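This report concerns only the one structure given below.
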């Protein structure tokens, strides 16, 4: 294949990437009405999160996630790590994106995580958004705030908790079971996905052919 034909494929692929960057939108939003309830986490709980169903459903690329945590009092050693995981057949699946632990401060604190390009691609609209707290000592607790229900997307009235034996669903009486989360994603048209997948496959095959030559 000559350089011009290869360049044409590269241009088409870049056009698909450009289309990704044109339409970020909120696919899940439960940040409007606080329910005056929290879920407290002690040192025995490894991680807690909520299963979110995005609208539109995707597939798509997550670009930003917002959450709100609550730390009543702190010693200065407390941390949190943020994760996104795919939900497959009602079970917690592969990690889509994960941060290293970072320090947190006392009070009810909103936080925003910017996600690098193409780092969190989801194929199923059901995604688990979770937080893993660390550094909780003695009677210290941290928590997430319940909101009354999403304005965009949907979520069941339960949540997920990870302990030593793995992930399990949980609920709190008289609480919505929906934490204060918001997610922004790029949801390309089907044709854009086809262009990018086809282009990536073609360039990969071309690279393999050249290595064998």
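A short reminder: the numbers here are calculations on the coordinates, not readings from a lab. Treat the numbers as computed from the prediction; the structure is a model and nothing was measured. Backbone-built Cβ (ideal geometry, glycine too); neighbour counts: all protein chains shown.
At-a-glance table
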{"quantity": "Simple spin-label estimate for residue 169 and residue 148 in nanometres, 7 Å along Cα-Cβ", "calculated": "2.5 nm"}
{"quantity": "Projected label distance in nm at residue 34 and residue 157, using a 7 Å step from Cα toward the beta-carbon", "calculated": "2.3 nm"}
{"quantity": "Residue 95-residue 44 pseudo-label distance in nm [points 7 Å out on the Cα-to-Cβ vector]", "calculated": "2.6 nm"}
{"quantity": "Whole-Å distance, taken between Cα centres, linking segment 150-168 and segment 103-141", "calculated": "13 Å"}
{"quantity": "Per residue convex hull volume, Cα atoms of segment 22-187, in Å³", "calculated": "107 Å³"}
{"quantity": "Packing-based ranking, highest mean first, of 119-127, 149-157 given that Cβ atoms within 10 Å are counted", "calculated": "119-127, 149-157"}
